[in-house]
Structure formats: structure tokens, C-alpha cells
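What follows is a short report on a single structure.
Readers should treat all values here as calculations from the given coordinates under stated rules, not as data from a laboratory. Computed from a prediction, not measured in an experiment: that's the story for all the values here. Methodologically, a virtual Cβ is constructed for each residue, glycine included, from the backbone with ideal geometry; neighbour enumeration extends over all protein chains shown.
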Amino acid sequence: VRGLRLAALLACAVGLAQADDGEVRLPPLERVTFDNGLRVIVGEDHELPLVQVYLLVGAGASQDAPGKGGLATLTAATLTRGAGERSAEELARAIESLGGAITASAGRDGTIVDAEFLAEDLGAGLGLLQDVVLRPRFEEDEVRRARDEQLAAIRAARENPSNVVAECFDAWLYGDHPYGRPAIGRPTSVQALGQADVRGFYERWYRPNNTILVLIGDVTRADAVARLKTSYGSWEGRPDAVPARPPVPPSVAKPRLLLVDDPASTQTQIRFGNIAMPRANPARMPASVGNTILGGGFTSRLVEELRVKRSLTYGAWSQFDMRLTTGSFQIGTFTKSATTLETLQLAVEVLQKFRAGGPTPEELTKARAYLRGQFPLALETAEAIAARLAEIEFYGLPQDDLTTYRTRVAAVTDAQVKSTAEQWMPPAEHLAIAVVGKASEIREPLEGAYGELRVLTAEACASLTEPVR
Amino acid sequence: VPRRLLVLVALTALASSSTAAHALTPPPTTKAVVLPVVTRDLPNGLRILVHEDHSAPVVSSYIFFRTGSRNEKLGQTGMAHLFEHMMFNGGKKFGPGVFDDTIESAGGSTNGYTTRDFTAYLNNFPREALPVVLDLESDRMGALAITEKNLEQERGIVMEERRLRVDNSVRGTMWEGLYLHAFVQAPYRWNPVGFMSDLERITLADAKAFFTTYYAPNNAVMVLAGDVDADAAFELVAQYFGNIPRQEPPAKVPWGEPPQDGERRITVQKRAELPAVLMAYHGVAATDPERAVFDVIGQLLAGGDSSRLSLDLVRAHEVATVVSADLQWGIDPELFVIYAQARPGKTALELTARVDAVLSTLADTDVTPDELQKAKRQLRADYVRGLKRAGGKADQLGFAEVVLGSYTKLFELPAQWDAVDAASVRRVIGERLTPPKRTRVVLDPLAAAAEPVGAEAAQ
């Protein structure tokens, strides 16, 4: 594979019908809010005999109490291990016998329960999902099993330098803000979690007034809404189920560099950036265009300078990670140990040039065409549409966000991109930088290059997220 | 009515376009998923498959060349993949950098990938861009600029790719070691990314010879899926690709893997947290009638939380956290690979013992009809999911044409799975999935250093 972010660019192919104005046309939708506050969106898509459900609970790792890191993840992991009349094993067998799937996983700001079934199994599939969402058993032994597996997953993830750099960069950038802690938790916090914690998290946050449910598939809207009403209409709400938003974390005001030692490594992983914008932000579209020019696709400035011209790396990218309260802007790449400083300096220089000069007219035209052309491809499957519709509700984006996208991207101007880059892409003197590599080889060149230098082991990155006393 | 992915309930013959070179015979099953496809062969041997799907104004193009790392020799390993990289850097009409730039300017995206069996080039783009895409593709197929600059640029990039995927990856190192020991003679031995020393060694002359032999129209299959008109597409392809000369067909890959007598064991020592084990048994070629039995066995063993290995290793005995089992599909007989990752405190030996116990039970006792049915239903569901996107359809059609021998074989898969019975599951496990016929890679984790170099700088 030619790389960049590895599999990311392999996602492909056809999406939705196109309206006369060039915008994508969504399947026919119906939106209902039940009396208990559950927001429901149902869409008819008869192309394949499948039904897709995407349920978003508005609580995630950001709601993990102090000392309870990993609880949202553990709650989601235990959700599918026994529900209603079925034990964990019976539930798995029932779902898999239908050739279906129900998965649950927690992110930072939300938890997603995802289900897919054949349309002919609609009744049975929705029944199983209803059990999982409303009647999870959370048996003590299942909580223990899920916890042990989570502890093992935390350790296994450390084997991969790109996981280590992602975790340590978040800790280095966000510090003791909830976004600084890994959603999966840390060994010490997860070890202490038990059945009461999981039940408590579920009882508090898994409530209809904190949930969005999208169903798309080979159904009629009226039938689907009626079935959902029967299943979820009497689910009890709770006034305090909607969490307060996490506070806005402080931006990095002077450069700092974290070196995570990986003594056997021959390649250095590099990430750097700063706090940036939340998802709901008027600059989102210019930011997307600017990011495409700087570090999206195969013809970005980062790829051109680091990969094509100098063969320093196999992949280089930039991204805005837009979350509920705020998020980050970051650049990522990797290179052999010997060229660590050269690659880092060059990537920083590419960023600075873009901030200072903005896009060329050719770059702007190309980025707009690229995003416009790729948009229908990103909405090709029912699950992709369901996820985007749920996100619109969750982040409070305009309801026509998807159906005006192509017009809005075409209207982005040079001045908008330039001012967005200046405002939201950090200058060199405001960068948090994290590298994972062989300290005995790369430490000396990095010394003094970007402000304070700290050297830690991967395990010690946890200390960065502890409150400063 | 737009032609789409048709899910035909009951025995239904599918009328494909009148230009179809192959009549489609519906598979003998009550439910079949069949894509309408029309085909044409140009006089120079280029084979074209078109699947029309007008549900969105978008097209996926996949070009498969029948060359992968199995066509390489020791000393030149990694050539096919390095070549895939070079293909993006200009031909005769279009200079360096123009390919990616033109595709993205037209709203498309582009990439490629290389396997042991083949190399694929893909583009996903708005339908208006079809002529541009074909122009670019024909330029590089007909006259790639194989220059010193192109080679040197991609050589450095591919070395970084190897460092990422293999040298600095625990899993990548284990998989490379597995194939190097499971195969003795077959060129499936080496990883498609190649050995670092070979990546340093490959010359411009090697690259030129490789291009002439393998990047010929008679060694390629083009698949177009999406909002295209088949007849118009055939004309366009003929116009752009018709003048590229055919070449002598490549030499057949000599296959002569000797039978394995006795388990081969190797140890990988890497900085890691948890022990793990990879076990490979010699399987069958993707075209072998027995392949479907291996597919079903893979599902029975590790298809979901209610599978045999999950229930035994993860749930009952709590020795593993992750298990998987799959036959890799190849032109030549590939490997059936079982993977298990240990829980903290458990060993690779304990994982191996449980896997052996599960296999031995399955060799002695028939699986229940319900369990067999569940495995088949999961395989069919995965198959339908793989055809959700136009790119997925183009990829699968091309894969079937190159690896299974014809795109029509794709539609026969569900019926092949349905035909698998409990007796053949038992027989294949008993005969083939036995310790003396396997290669076992054990990960022996090296502990992390307690203190990093230069930790005194920490506050």
C-alpha cells in the first residue's frame, strides 16, 4: 500500500443519489422525539436487505470520575455480555446465529452501540438490541472478565509505537484535562473498577434524554418508528442524565518537547500540535479545506516536502480532531532514527509557511474539488449515513449539514482559509511535541530544539495527566 | 431501474447485458447475491469487467496486474511492491507528480496495494473524470518513466514502510517469521515488502525488466464499477489502451513446496507486554474445492464470541484475550493461521495446549447442525457486507478474476459454504490441522527498561 494513514485512504466507492443542485440526496428520513426525550431518526434504504442501528449515548470517558479512568469503556464492554433472559454466551450465540452483530464502545464524549441485522430478522434483531440497551445484566463475573480483558488490551496496545505516541501526545497536550487521559483507562484505575461502578455509570448516563437512535435500512418508516416506540417508549429518563460539557483546556503557550524512550526502535514516531476548535464552529469548513492542502490526501504540502521530495517518511498528515468542547490540531509522521530532527524541523517549517502565506489559487481549487468529489464516497453505506446523522444531533450542527456540504465547500475562499490557518493552526512557539524513539540516538539532537525537553518511559506518560498539586 | 447489487430470493436467472462474454449461471442455492457484469477482451489481451451501478454519480476503477511477490526471486524481494510505488511517478505524456494531482483535482482519490499474488491500482472518482483516469492509467501502463530519480525516491519511502510494518511492529515481525519458516521452497516465503538488503540492492535494470514482463495488457484485468455505461466504457478503454503492445506471457512460478514432516518452532523476542502464538498449517489453493471447508472451520473456531476458540481460550480457561483463525486465500496453497494472545500471567505454551485440545475435540466429534448453520450464516453475512461499496465490488470482482480464475466464482461462494458438511469439517481438521504439520511462532516478550536513557532530565 502506498500509505499515508495506511488504511484510511482505502475507504472508497459509491454513495447516494445526487440531487439536481449537485448535493447528495439522503434516503427518506423521519425524525421523532419520544416523550421520554429519546431522539429517533429513521431512514428507508432498500438497496440491501439489511438494517443498521446506530445508538449514541451522550456520555463517554469524559464522564469517568477521578480515579475511575476506563469506566465508560468497561461499561460499554460489559453491556453486550448478557442481557434480559440470556447469559453472555447465550446472547453471543443468538446474535451470531442471525449472522448479525451488536457492538458497544465508548469514546471521549459519547458511547456508541452499533447493530446490524438482515431485514428478515428485524424483529429478532431489535429484540436483542433492546435487551442490550435496556436490560443489561452486568453480572459480577462478566464485569471481572471484561475488566481483565481491558487490562490486557491496555498492555497490548503499548507494543505499537503509534499507539504510544498518540496516548503520550494527548497527555502532553491536555495534561489533567479529561481529554488527556486514555479512554481505555490506565492499569491502576481499571484494576479497581467493579460491578457497582459499571451499574452506576449505566444508571446515570444511559437514559433516553441523553440518547440519539438512528435506524436505516430495508424497512418502512412507519413500521420502524412503531417498533422503536414499543421498545423504547417507556424507557425512563433522568433529569441529570445529560452531562455538563468538559471545560475548555488551556492552550500551549510555549514550546515543549516530550521524548518517550523506545530503546530497541529504529524509527521515530512524531506528533505535534495544540488545542484548536470544537466540532460546532463556523470555521469548520475552511479548516477542512486548509487541512486538506496542508496534510490531507496524496498531494498535500507535508507529503510533497517530507515524502516525495526527500523520502524521509512513508506517511505525513495533519488533522483537526474536533470534539464537543474543543479539540486539537495535530501533525503526524515518522522517520528513521537518524533523520528525526530533520523531519520534525521540516514539518514545523511546512506548517509555518502555510500559516504565513495561505494557499495558492491552484491548491484551493484542487482541495475544494477533492472534498466535493469525495463527499458522496464518504456517505456510501447506511452505517456511514447513520453515524453522520447522529453526530449532527449530538454536536448541534445544522440539520442540513450533509445536504448543503458540496455547495458550502465550493464557496470557501482564500481569505477564509488563510485566516483560519492563522487562528487555528499553531505557530512554532506554541507547539506541544511528542516523539517516541530511541533516546540514546535522538535525544542529543533534540535537546534545546523546542523548549523544555522531558524524557519518559511509555508507562510514565500517565504521570502527565495527574492533577498538579 | 438502475442495475444494482441484486439480492435474488429463490432461483432467479440473471439477464446480464447482451455484450456479456460469460453467461451467468445462478448458483444452486435458494438465495444468491449476483452482480451484473459484462466483460470484454481487447486484442492486446487486456481484460475489462464492467459492473453498472447508477445509484450515485461515482465510479471505482481497479486495475489488477497478475504479479505479486510470488513472481520475485531472492535478491530482488520487494520488487513488485517497490514497483507499485514507482507507478505513481509519471509516464510519457504525464510527468512526475501529475498522476495524484490530476486525480485529486478531479475530485478523486487513488491508491494501490500489493499482495503475494497480485498488484492492484484503484481510483474512486466522480463519473465525469473517467476519460482523465483512463488517460493517466494507460500512460503509466504503456510507458512508465522508470528513472533513477523515481527508483531512489521510492526506495527510501519503502524502507520507511518496512520499518513501520515489520521491523518496529511485533505483529509484523511474527507474521514475517511465520511465512519464512512455514514455506521452504515456495516464493510465498518472503513478505511482499521485501528484505531490507534486497530493497537496497534492486537496480534500475531490474525494475525495467520487471515492467516489461509483468506490466503488459495481457497480464492485467481492469474492473470498472459504478455510474458508467458499459459499451461507452469499452470504447474509451479500447481508445486509451488499444495501442499498448502485448508481451510474452510471464514464466509460470515454479511451485514445489515439499511436504512438512514435524512441527517447526521459532521464537520472536521483542519488546512486548504479553506472550502470543501464531500457528500456521498448510492449507489449499483458493480454487480448491476444500477451501470452503477451511473457511467454515475458521468461523467455527474464531467467528465471534460464541466460537469454539473464544469459548474455550477466552471464556472457559481464561488463557487468551484475543483469538483469530483464517485460511489465507492464494493462487497457490496458502496457510491456515491461528493466532492467540495471552492474558497477563499466561504462557504461549498454555495457549498452544488449549488450541490443540479444541482441534482434537473437533476432529473426534461432529459439530452440531446449529453450529454449522451459524458459521455459514456468518460467512454469507460477511460476504454481503463486503459488497456494500462500489469499491468493494470492484475489488472483489477483480480478486475473483485473478485468484479464483473468474469473476463468476465470486457468486458461487455462498453455495460452496452451504455445501460443507460436518463430516468434511472433522476430516480436514483431523488430517491437516495437526501439530506435525504446523509452524509455530512464539512471542517471547522482552521487558521494558525501568528507566529511559537520560531520565535524569525528567522533573
At R0 = 25 Å the Cβ-Cβ FRET efficiency linking B:S424 and B:D261, nearest 0.05, sits at 0.55
In nanometres, the difference between 0.36 nm per residue of separation and the alpha-carbon distance of A:K254 and A:L397 is 48.2 nm
Dividing the helical contributions, -39500 (n - 2.57) per DSSP H run of n ≥ 4, by the residues of chain B yields a 222 nm value, nearest 500 deg cm²/dmol, of -10500 deg cm²/dmol
The range B:315-385: spread of alpha-carbon positions along the three principal axes, whole Å, largest first, is 40, 31, 25
Charge tally for neighbours of A:G373 with beta carbon under 11 Å away, counting Lys, Arg as +1 and Asp, Glu as -1, is +3
Per its Cα gyration tensor (rounded if a/c is under 1.5, else prolate when a/b beats b/c, else oblate), the protein assembly as shown is best filed as rounded
Using alpha-carbon positions, the gyration tensor of the range A:271-369 gives root eigenvalues a ≥ b ≥ c; with a/c under 1.5 called rounded, otherwise prolate if a/b exceeds b/c, else oblate, the class is oblate
The size of the Cβ-based charge dipole (Lys, Arg +1; Asp, Glu -1) of the protein assembly as shown about the Cα centre, to the nearest 20 debye, is 780
Between the modelled labels at A:T230 and A:T33 (7 Å from Cα along Cα→Cβ) the distance in nm is 2.6
Computed about the Cα centre, the charge dipole of the range B:161-297 from +1 Lys/Arg and -1 Asp/Glu charges at the Cβ has a magnitude in debye, to the nearest 20, of 700
Charge dipole of chain B built from unit charges on the beta carbon (Lys, Arg +1; Asp, Glu -1), centred at mean Cα; most positive-end Cα among B:H181, B:L74, B:T434 is B:T434
So, over other residues within a Cβ distance under 15 Å of B:F64, counting Lys, Arg +1 and Asp, Glu -1, the net charge is +1
Scalar couplings 3J(HN,Hα) for the range B:113-124 by Karplus 6.51 cos²θ - 1.76 cosθ + 1.60 (θ = phi - 60°), nearest whole Hz, x for Gly and Pro, are 8, 10, 10, 5, 9, 7, 10, 10, 10, 10, 9, 10
With +1 on the Cβ of every Lys and Arg and -1 on the Cβ of every Asp and Glu, the dipole magnitude of chain B about its Cα centre, in debye rounded to the nearest 20, is 540
Calculated from DSSP helices alone, with each H run of at least 4 adding -39500 (n - 2.57) and the total divided by the residues of chain A, [θ]222 nm to the nearest 500 comes to -12000 deg cm²/dmol
Taking Lys and Arg as +1 and Asp and Glu as -1, residues besides A:G84 with C-beta under 12 Å from its C-beta add up to 0
In this structure, the FRET efficiency calculated for A:T365 and B:E128 from their beta-carbon separation, with R0 = 22 Å, to the nearest 0.05, is 0.90
Taking a ≥ b ≥ c as the square roots of the eigenvalues of the Cα gyration tensor, with a/c under 1.5 meaning rounded and otherwise prolate when a/b exceeds b/c and oblate if not, chain A is oblate
If R0 = 45 Å, then B:Q185 and B:K149, at their Cβ-Cβ distance, give a FRET efficiency to the nearest 0.05 of 0.75
Length gained if B:T368 through B:V253 is fully extended, taking 0.36 nm per residue and subtracting the Cα-Cα distance, is 37.3 nm
Once A:Q191 and A:E85 are pulled to full extension, the length gained, defined as 0.36 nm per residue separation minus their Cα-Cα distance, is 35.3 nm
Distance in nm between A:Q352 and B:D356 label points, each 7 Å along Cα→Cβ, equals 6.2
